[in-house]
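Student: Next up is a structure, given as structure tokens.
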Amino acid sequence: MVFGPSAPAISRSTIVHDPFDEEAFEEILPKAAGLRLLLAESRVPLAQQLAFDLFCSFYKYFVKLRSPSEIAPECQGHRDLLARALELREHSKLRAFTRLKPAETALATELVLDALLEEMNRTPPASKDTDTTEKARDPSSESAGGVTTQRLREVMKDAREDLQSATELIAAWSSGPGQETRLPAELKLRLMRDVVRNPRLRMIALLFGRYRRLGLRERTLPAMRASQEVVDFIQGGDVARALAGELSSFAMEEREDLFYAKVVTHSLLIYELWRREEEPRAVYLCIDNSGSMAGEKEVWAKASALALAHLALAEDRPVEVVLFGDAADPLRVVSMRPEDNVSTRLEKLLDVASYFLGGGTDFVKPLSHVLDALEMGHHTGSDLLFVSDGLCPIPEDFVRRFREAKARYDLRMTSVLIGEEPLALGEISDTVHRLDEALQAGEALAAHFASAFLERGHEPLHVARAPLRPGRGTPLLFDHFLPTNDES
């Protein structure tokens, strides 16, 4: 009989996990077509076990490595790889997008595993030590240990950038303002993978996230509240519009809990605001899809247009994207509405991002479409953004007609010319921006659209009615601070 503590159980997994982690992996794997295909085509032994270790390192809230004595000899190289990965700052940044999120974790596992398997196939197994006391290791484990730390850092960084851009793009377009994104895991994985695996969509997604954040920053400036007016008091939970008397409770320790309770129950007394312009202005985005726009110019134009469209939809403004080419090419018109559901939003997003014509350039056809839309709908108050890198003559009779329609329907036109002089567009545009071929000022211009093109002050509000006219029966804003007749 042998006394003393039992020997530790030998495992092929290098990460301490529980049955819930195994269940999460087994549940998401059938929905992750890319990861399944990668594992099926891999010739590296123990690739499935390495995938599970990577999944746990991204998914678990707390990650802990097993001790070397608890790991099978053929998986010792996996432990060395994971140990070095957990020490990298890039791994921690990647976990910020994957922790406790099965879909994001599955995509991150696929991206990292794909790069590692490719590196392991190129790296020859390390020569075996002649020391007879050392246990022989599996060739795949030796290859995993041969992946350099620098290469591991690059793989984690690339995966984090791809995952961040894809998740931000899908999350922004799969829900409305203030709504939670609840896409099925299989659909979410497919959309994110389509974005990451397509070089053009990946660049558009990366720039879209950057331009959207810049635009949101511009739209939150205090100057944007210039067209709002206080008309009444209501109960709500918006602390930014709370009355001074309610905010004073937050400053008093004995009344702080009461303040939080009112925020949660939406019973704060807040200012009711009214927006002067009740009907939102429609937005038209005309993007050149000619052959000369291929590459960085197309990516910048579509990324900035999609960021602008997202901000406009958040303000209940309808958007119509017009992708144009030569006079013989058909127009690709994508109409976006604030009331579109999730699947419709994402379908239209991918349609705009992936569609490309090539060929020549004609300005009259897309501009005629905008005029026809205004005349048929009798819309007064619209904004038009026109982006192109080509030169195209515009007939005088059309210039005259366009100017008359602009005045009649209150159409404001902003043009962006890439590498060319405005010429004909300068005669019909209210504002003209020029960009060089290198797009050096592209980021600043995309952020400028949020404040200048969308016109500051059009924030979505809960109220859209005429302001109250103060009279003897209308209380002043701070009447609750004045003494009552009984107290005087």
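Student: So how many residues does region 58-75 have that are open to solvent by less than 50 Å² (accessible area, probe 1.4 Å), over 17 Å from Asp18 (Cβ atoms) and part of a helix (DSSP H, G or I)?
Tutor: Within region 58-75, residues that are open to solvent by less than 50 Å² (accessible area, probe 1.4 Å), over 17 Å from Asp18 (Cβ atoms) and part of a helix (DSSP H, G or I) number 3.
Student: Moving on to the next point. What pairs come out if I take residues in region 182-208 that are more than 25 Å from Gly442 (Cα to Cα) and pair them with residues that are among the small types (Gly, Ala, Ser) and at pLDDT below 90 whose C-beta lies under 7 Å away, six or more apart or interchain?
Tutor: Cβ pairs passing all conditions: Leu183/Ser174.
Student: For region 8-26, which positions are of a type in the set (Gly, Ala, Ser), in a helix (DSSP H, G or I) and open to solvent by 60 Å² or more (accessible area, probe 1.4 Å)?
Tutor: none
Student: Being closer than 12 Å to Ile170 by Cα and either modelled with pLDDT under 90 or open to solvent by 50 Å² or more (accessible area, probe 1.4 Å) (or both) is the filter here, so list the residues in region 203-213 that pass it.
Tutor: The answer is Leu206, Gly209.
Student: Could you tell me whether Ser292 is within 27 Å of Gly360 (Cβ to Cβ) and modelled with pLDDT under 90?
Tutor: So Ser292 passes the test.
Student: Could you list, in sequence order, the residues of region 227-265 that are polar (S, T, N, Q) and within 27 Å of Leu454 (Cβ to Cβ)?
Tutor: Correct list: Ser227, Gln228.
Student: Do we find a residue being surrounded by 22 or more Cβ atoms within 10 Å (Cβ to Cβ), charged (D, E, K, R) and in a helix (DSSP H, G or I) anywhere in region 274-294?
Tutor: Among the residues of region 274-294, not one is surrounded by 22 or more Cβ atoms within 10 Å (Cβ to Cβ), charged (D, E, K, R) and in a helix (DSSP H, G or I), which makes the answer no.
Student: Quick check, is Ala33 at pLDDT 90 or above, open to solvent by less than 100 Å² (accessible area, probe 1.4 Å) and under 30 Å from Arg122 (Cα atoms)?
Tutor: Answer is yes for this residue.
Student: Scan region 340-381 residue by residue and report those that are assigned to a helix (DSSP H, G or I), open to solvent by less than 50 Å² (accessible area, probe 1.4 Å) and closer than 17 Å to Ala301 by Cα.
Tutor: Lys348, Leu349, Leu350, Asp351, Val352, Ala353, Pro366, listed by residue number.
Student: Within region 27-57, track down each residue that is part of a loop (DSSP other than H, G, I, E, B) and among the hydroxyl-bearing types (Ser, Thr, Tyr).
Tutor: The one that is part of a loop (DSSP other than H, G, I, E, B) and among the hydroxyl-bearing types (Ser, Thr, Tyr): Ser42.
Student: Consider only pairs whose beta carbons are under 6 Å apart and that are at least six residues apart or on different chains; among these, list those whose first residue lies in region 399-414 and is more than 9 Å from Asp430 (Cβ to Cβ) and whose second residue is open to solvent by 10 Å² or more (accessible area, probe 1.4 Å).
Tutor: Val399/Glu427; Tyr409/Thr380; Asp410/Thr380
Student: Follow-up. Based on what the data block shows, is Glu320 touching a residue at least 40 places away in the same chain (Cβ under 8 Å), surrounded by fewer than 21 Cβ atoms within 10 Å (Cβ to Cβ) and not in a helix (DSSP H, G or I)?
Tutor: yes
Student: Can you tell me which of (1) under 29 Å from Ser304 (Cα atoms); (2) at pLDDT 75 or above; (3) buried (at least 16 other Cβ atoms within 10 Å of the Cβ) is the one Met224 doesn't meet?
Tutor: (2)
Student: Based on what the data block shows, is Lys297 under 22 Å from the mean Cα position of the chain (by Cα), touching a residue at least 12 places away in the same chain (Cβ under 8 Å) and part of a helix (DSSP H, G or I)?
Tutor: So Lys297 fits the description; yes.
Student: Here are Arg84, Arg79: which of them is in contact with a helix residue (DSSP H, G or I) (Cβ under 6 Å, 6 or more places away or on another chain) and either of a type in the set (Ser, Thr, Tyr) or assigned to a helix (DSSP H, G or I) (or both)?
Tutor: Going through Arg84, Arg79 in turn, just one is in contact with a helix residue (DSSP H, G or I) (Cβ under 6 Å, 6 or more places away or on another chain) and either of a type in the set (Ser, Thr, Tyr) or assigned to a helix (DSSP H, G or I) (or both): Arg84.
Student: Test Glu256 against the stated conditions and say whether it is modelled with pLDDT of 85 or more and assigned to a helix (DSSP H, G or I).
Tutor: Yes: the conditions hold for Glu256.
The values are calculated or read from the model by the stated rules, or taken from the named source; none is laboratory data. Given the structure is predicted, the values throughout are model-derived calculations rather than measurements. FYI the Cβ positions are ideal-geometry reconstructions off the backbone, even for glycines, and counts take in every protein chain you see. Heavy atoms of the whole protein, side chains included, go into the accessibility calculation; ligands, DNA and RNA do not. Shrake-Rupley method; radii C 1.70, N 1.55, O 1.52, S 1.80 Å.
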